[in-house]
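The values are calculated or read from the model by the stated rules, or taken from the named source; none is laboratory data. Quick caveat: nothing in here was measured; it's all calculated off a predicted structure. Note that we place each Cβ from the backbone using ideal geometry, even for glycine, and neighbour counts take in every protein chain shown. When the accessible area is computed, the model is the full protein with side chains, heavy atoms only, and any ligands, DNA or RNA have been set aside. Shrake-Rupley method; radii C 1.70, N 1.55, O 1.52, S 1.80 Å.
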Amino acid sequence: MIPAFRSELRKLFTTRLWWILALVAFLLSALLAFANVWALATQGYITPEGNATPFDQAPVDLQQEAIRGAYLFPTRFVTLLTMTIGVVLMGQEYRHKTITGTFLATPNRWVAIAAKALSLVVIGFGYALVCLLGAVAGGALMAAIKGISANPGADVARPLLMAALMLTCWALIGFGGALLLRNQILALVILLPLTLIGSTALPLILLGFEWSNDLVRFLPSSASVLMTDPAEETFMGIAQAKTLSWWQALLVLLGWAGIFTVPGAIVTDRRDVT
């Protein structure tokens, strides 16, 4: 297992793909946080009564909460990017026909797949940290330009860690999809629309039926929000459904990754790779 794990890491870091994806992740997250803080500074703080006041005149704890939300805001969108990273890291093996060499070097395919998944956990968590670093950098830059406080408060570490774990799970979902479909382009064509529909239309449809309200929390998009911000009440009506604790939301995301990965591993173990 350890030699196979090292081999998988070596495959990634001997190509230019890893730093190109990292750069895209950083810039996209920075841009989203930059725009979000700009909106905060421009629109001001909206009081519970609906009145707008300048952001710097809002209570300190509310300022910190808003800035913390701005740093976490990009995670709702870069989930697609980290999922794509998972698809690419697995799908390129089939695209470039290197999967045959991988299984020849590690005849036990379950060991090879487990090593790939473990390496993706490490790599995915690293990309998640890059995304969060970009979000903090972009948000803090706009805060400095607008002359407002960029301090997210002392309790920012936990939601950032939860966001990193959540983004790692999305990388595993992409990995499982590419493993099952054996085609990088096909996996992207199928997973990206399904993810977008599952993040927008499906929650609204389910919330339209009383019997299905509780199902919303088990969607990947809903579990992602509940994992990073359990108090969220305005995203796709999640507050109308029962909430999940962070570890329950984590299990939901891991379950979605397993839906693709386990069947993909079983099929891969049984069929010819040539």
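Taking G124, G177, G153 as the candidate residues, the one with maximal mean-square fluctuation in a Gaussian network model of the chain, Cα springs under 10 Å, is G153. Highest GNM mean-square fluctuation among G255, G101, G134, for the chain modelled with Cα contacts below 10 Å: G101. Remark: relative contact order (the chain) = 24 percent; criterion is Cα-Cα distance under 8 angstrom and separation of 6 or more residues. Pair-distance distribution P(r) for the chain, from all Cα-Cα distances in 10 Å bins starting at 0: 7, 27, 31, 22, 10, 3, 0 percent. Helices meeting the span-like rule in the chain (full DSSP H runs, Cα extent of at least 15 Å along the helix axis, mean Kyte-Doolittle score of 0.0 or higher): 2-13, 17-43, 75-95, 109-146, 157-181, 184-199, 246-270. Springs join every pair of Cα atoms under 10 Å in this Gaussian network model of the chain, and among T82, T261, T195 the largest mean-square fluctuation is at T195. Among the GluC sites (Glu not before Pro) in region 1-107, those placed in a DSSP loop whose Cβ has at most 15 other Cβ atoms within 10 Å are E49. Here the ratio of the Cα radius of gyration of region 1-148 to 2.2 N^0.38 Å is 1.41.
Between the alpha-carbon centres of region 119-180 and region 1-80 there is a gap of 6 Å. Calculated [222 nm] ellipticity per residue, helices only, for the chain: -25000 deg cm²/dmol; basis is -39500 (n - 2.57) per DSSP H run with n ≥ 4, divided by all residues, nearest 500. Solvent exposure of the chain, expressed per residue, is 49 Å² of accessible area, with all protein chains present and a 1.4 angstrom probe. Packing-based ranking of 263-269, 104-110 yields 263-269, 104-110, ordered from highest to lowest mean Cβ neighbour count within 10 Å.
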